Amino acid sequence: MRPQLTVTEDDELKALIVRTDYADEESWRAVAAALMQPWGDEDYEAQVYFVDDPAWAGATADEVLEAVSADEELSVVFLADHVTMHSTHQGLLAVTTIPKDDYEQLEEYEGIREFGREFRTTPAGVHDIYANLSTANMDFEEFAEAAGEDPQKVFSSF
């Protein structure tokens, strides 16, 4: 069983990044550095909370979701997995935390059913996604749709 993931009050406004691939330290450093770059039109400071613990090596999206299930404020979690570490786009896996049982029964989650609960995003896209979901400015499915329209199926930015 994986450890529980707890975001402290100091880190609750930061995007949660869970590293699940430990095969290439140099790739991880490159991904982490990309995630720390300023973002947006006004060069906002990157706000990320890294879970860099080998206990999460090989973890699936379901295992991560189970570990964050107690955090009712969290709307998305990002996994730095094998694809992230071994692709040129460094696409992290963005996964909605809305429980499957909730969105299968509610009409307003039609988009999540259509586009799925996860998609890939570049490190730069993490900040757009997290900021907009945290402020309820946009919905998960809008980002998933944008990723689906990309030739590589990776969200970058609007």
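When residues in the stretch 29-58 are screened for being modelled with pLDDT under 95, buried (at least 16 other Cβ atoms within 10 Å of the Cβ) and closer than 15 Å to Asp128 by Cα, 4 of them pass.
Out of all the residues in the stretch 1-21, is one or more under 16 Å from the mean Cα position of the chain (by Cα), at pLDDT 95 or above, within 18 Å of Arg117 (Cβ to Cβ) and acidic (Asp, Glu)? No: the stretch 1-21 contains no residue that is under 16 Å from the mean Cα position of the chain (by Cα), at pLDDT 95 or above, within 18 Å of Arg117 (Cβ to Cβ) and acidic (Asp, Glu).
Note on the stretch 100-130: among residues that are closer than 13 Å to Glu145 by Cα, in a helix (DSSP H, G or I) and touching a strand residue (DSSP E or B) at 6+ places or on another chain (Cβ under 8 Å), the one that is modelled with the lowest pLDDT is Ile112. State yes or no: is Ser69 at pLDDT below 90, surrounded by fewer than 20 Cβ atoms within 10 Å (Cβ to Cβ) and touching a Leu at 6+ places or on another chain (Cβ under 8 Å)? No; evaluated as a whole, the condition is false for this residue. When every residue of the stretch 75-92 is checked against the conditions, at least one turns out to be in contact with a helix residue (DSSP H, G or I) (Cβ under 9 Å, 6 or more places away or on another chain), loosely packed, with under 14 Cβ neighbours inside 10 Å and either within 16 Å of Ala34 (Cβ to Cβ) or modelled with pLDDT under 95 (or both).
When restricted to residues that are assigned to a helix (DSSP H, G or I) and charged (D, E, K, R), the stretch 29-74 contains 4.
Residues of the stretch 132-158 being without any contact (Cβ under 8 Å) to a residue 24 or more places away in the chain and either in contact with a strand residue (DSSP E or B) (Cβ under 8 Å, 6 or more places away or on another chain) or not acidic (Asp, Glu) (or both), which ones? Asn132, Thr135, Ala136, Asn137, Met138, Ala146, Pro151 - these are the residues of the stretch 132-158 that are without any contact (Cβ under 8 Å) to a residue 24 or more places away in the chain and either in contact with a strand residue (DSSP E or B) (Cβ under 8 Å, 6 or more places away or on another chain) or not acidic (Asp, Glu) (or both).
Can you pull out the residues in the stretch 114-153 that are surrounded by fewer than 21 Cβ atoms within 10 Å (Cβ to Cβ) and among the aliphatic types (A, V, I, L, M)? Across the stretch 114-153, the qualifying residues are Ala124, Ala131, Ala136, Met138. Output the number of residues of the stretch 22-55 satisfying the condition of being closer than 20 Å to Phe119 by Cα, out of contact with any helix residue (DSSP H, G or I) (no Cβ under 8 Å at 6 or more places or on another chain) and in contact (Cβ under 8 Å) with a residue 60 or more places away in the chain. Residues that pass the stated criteria total 0. Tell me, yes or no, whether the stretch 56-71 has at least one residue that is more than 16 Å from the chain's Cα centre (by Cα), without any contact (Cβ under 8 Å) to a residue 60 or more places away in the chain and over 16 Å from Leu92 (Cα atoms). No, the stretch 56-71 contains no residue that is more than 16 Å from the chain's Cα centre (by Cα), without any contact (Cβ under 8 Å) to a residue 60 or more places away in the chain and over 16 Å from Leu92 (Cα atoms).
The values are calculated or read from the model by the stated rules, or taken from the named source; none is laboratory data. The structure presented is a predicted model; accordingly, all values stated were derived computationally and were not measured. Note that each Cβ is placed from the backbone with ideal geometry, even for glycine, and that neighbours are counted across all protein chains shown.
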